[in-house]
1. So if I take the centroid of the Cα atoms in segment A:271-324 and the same for segment A:5-69, what is the distance between those two points in Å?
2. Probe of 1.4 angstrom, ligands and nucleic acids ignored: what's the accessible area per residue over chain A, in square angstrom?
3. With a 1.4 Å probe and all protein chains in place, put A:TRP389, B:TRP103 in order of accessible area, largest first.
4. I'd like the accessible area for A:THR219: 1.4 Å probe, protein heavy atoms, all chains in place, Å² to the nearest 10.
5. Pulled fully out, how much extra length does the chain show between B:VAL126 and B:PHE17, if you take 0.36 nm times their separation in residues and subtract their Cα-Cα distance?
6. Using amide H atoms built 1.01 Å from N in the peptide plane, name the residues 5+ places from A:TYR278, or on other chains, whose amide H lies under 5 Å from its own.
7. Taking R0 as 60 Å, what's the FRET efficiency between A:ILE227 and A:THR127 from their Cβ-Cβ distance, rounded to 0.05?
8. What does the accessible area per residue of chain B come to in Å², with a 1.4 Å probe and no ligands, DNA or RNA counted?
Amino acid sequence: MRLGEHPILEFKKGKEVTIYFNGKPIKAYEGETVASALYAAGVRIFSRSFRFHRPRGFFCAIGKCSACMMEVDGIPNVRTCKVYVRDGMQIRTQTGTPDAEKDRFAALDDIIDRLFPHGAHYKRFTTPRILREFMMKQMRKFTGFGNPPKAVYEGKAEFEEIEADVAVIGGGPGGMSAAIYAARAGAKVVLMDENPFLGGQLVKQTHRFFGSGRHRAGTRGIKIATILEDELKELENVDVRKETKVFGIYDGVVAAVQKDEKLLKVKPKKIVVATGAYERTLIFENNDLPGVYGAGGVQTLMNVYGIKPGDVGLIVGSGNVGLILTYQLMQAGIKVAAIVEAMPRIGGYFVHAAKVRRLGVPIYVNHTVTKAIGKECVEAAEIARLENWQIVEGSQRVIDCDFICVAVGLSPTHELLYQAGCEMKFVPELGGLVPIRNKYGETTVNGLYVAGDVAGIEEATAAIMEGRIAGVDAAIKLGYGGDEAIKIREEVVKDLEEFRSGPFGERIVAGLKKVVVA
Amino acid sequence: MNYLVRGYLENDELPPFPSRERLEKKPVAYIECPQPIPCSPCLEACKYDAVKMDNINDPPELDYEKCNGCMSCIRVCPGLAIVIMRIKDGKGYLTLPYEFTPWLKKGDKVKLLNRKGEEVGEGKVVWALPPEKNDRTSLVRVEMDPDLLFEVRAVRKVEE
């Protein structure tokens, strides 16, 4: 289930280690996450839903969806897609009896509604008290949110206070660019990211980017990540903190945990939030079946860890993400049965569509997926034609595939902004809840900027430009950079305007009108 | 914008073809990029001022007289939307970007695919730029019937 030869990527395997999944030894390689190692070993069921025991599996692979939570070395509710394998690691599923893969109580699915109709626990077994307490204990076993940790924390516990001019949260294209431009202007910067690597989602973008040469068009996303990292390394006034999770902004103080053992209290003068986005899902029958994945999740599995997601895929959504993913799957030697698109026309760039169409992948517009078919994982999918957004009866047909990629868009990862007190607004054109801000990205919280997808779903080139603007503006406001910095800022603002001036930018521009105040 | 319903261009949506005389003179690029998208590497790569684009969102327009067939644009086009064509001694030669393994090399036989992925003939690789020389996008030149130059847009290796 691992990929061999690949036209663009070279997969370097780390040292071989053994991890234990529900007691069973599994071979894995250092540098890969627990979830991807389990996937490579053929594990598809990561958890069970608590009422109907439905099998649930891998979905987003970047720590946003919670479908892969398990108990790791005695600690419950660990996102296994964010934890890296270590020799001898003990991993257990939290749901199902005895475990999620073989859930004995799944047999009750058909009768559970009759025995315990919705809300039954409020009415039945409430008296006497001894029976109530016994039943509560039994019922809690079904919920699967883990038991309190059995292990006592024995690692180090440290504390560090950091003073900086600018704190950047998120090390993707937007955050890295903000850090570079603030630091070049002369500000002291601290850059934090929860991953052990920088680059955010660039690390799985094997295609060449669009845009102009000045913004690295024609260069592959993976390479842009290394270029940006090299630029950061050249700057002595940037303190990069990887594996650092920011959990709150309190009165301008950024609180974070580095490598699960050090509490950071960062006191910056300005903050740039560039936390990116998470994948949306789509409502259809059995959409929780293992084998229904987020498009980005599949990219991570395939392009970051070199693991084959399946043999034949169905892609839902013909935006750039869906089209690019199709091409990437084919490059990895995986068949794509079809792309379905609910809109009457292809949503992404025509050239991306043409690339896969000429290799024989059908694109069905006015079509949607209506059902995932399979018992414990996807074995096929049912698609149907849409007319005025209604399913045309009789148009349903079955497509043979063993996984379904949902590529229907993203939503901004906005929680930190809400917590910090930014005024937010729901803007469909920008993908969801986004902060009110000025044209340099400064929100209603003084000194707090946004850049990249968290400011509105767009793409990496725009994120880089937004990051540059936010970073350099933060530095200017602190008195750094002089006229040169102002010139740079205005140039990037102009470039970004030009970038968005075409039909693909219309929606973004319309969305920005609703949130950008002078 | 019917091409966005189908995912490929029909003949009436294609840019004008360079003439047979032009194709026989020297190689020429042919760009199938009809949609306004913010992208300009071909313009920046062209040393002969043959690509016209006023705004980054304009589709490129190619001047076949200025184009020298030098392949600078095909090397950088992120949309893989450019091919280079030539007719020599009555034979057609099409140069395409190729990003799959196994890589193609000189002498390989390939199936010729049209814009819809249908097989329209067979050709032979006469030259290949190794992927490591162009950031993993190989370029392959395939010999074929000259009538197929405006139809073939992909190739698939024939397993021997």
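1. Taking the Cα centre of segment A:5-69 as reference, the centre of segment A:271-324 is 15 Å away.
2. 44
3. Reading off the accessible areas and sorting them downward yields A:TRP389, B:TRP103.
4. Near enough 30 Å² of accessible area.
5. Full extension of this stretch gives 36.9 nm more.
6. A:SER411, A:THR413
7. Step by step, r from the Cβ atoms, then E = 0.30.
8. On a per-residue basis, 46 Å².
The values are calculated or read from the model by the stated rules, or taken from the named source; none is laboratory data. Bear in mind the structure is a predicted one, so any value in this text is a computation, not a measurement. No Cβ is skipped: glycine too gets one built from the backbone with ideal geometry, and neighbour counts run over all protein chains shown. Note: accessible area is taken over every heavy atom of the protein model, side chains too, but ligands, DNA and RNA are not part of it. Shrake-Rupley method; radii C 1.70, N 1.55, O 1.52, S 1.80 Å.
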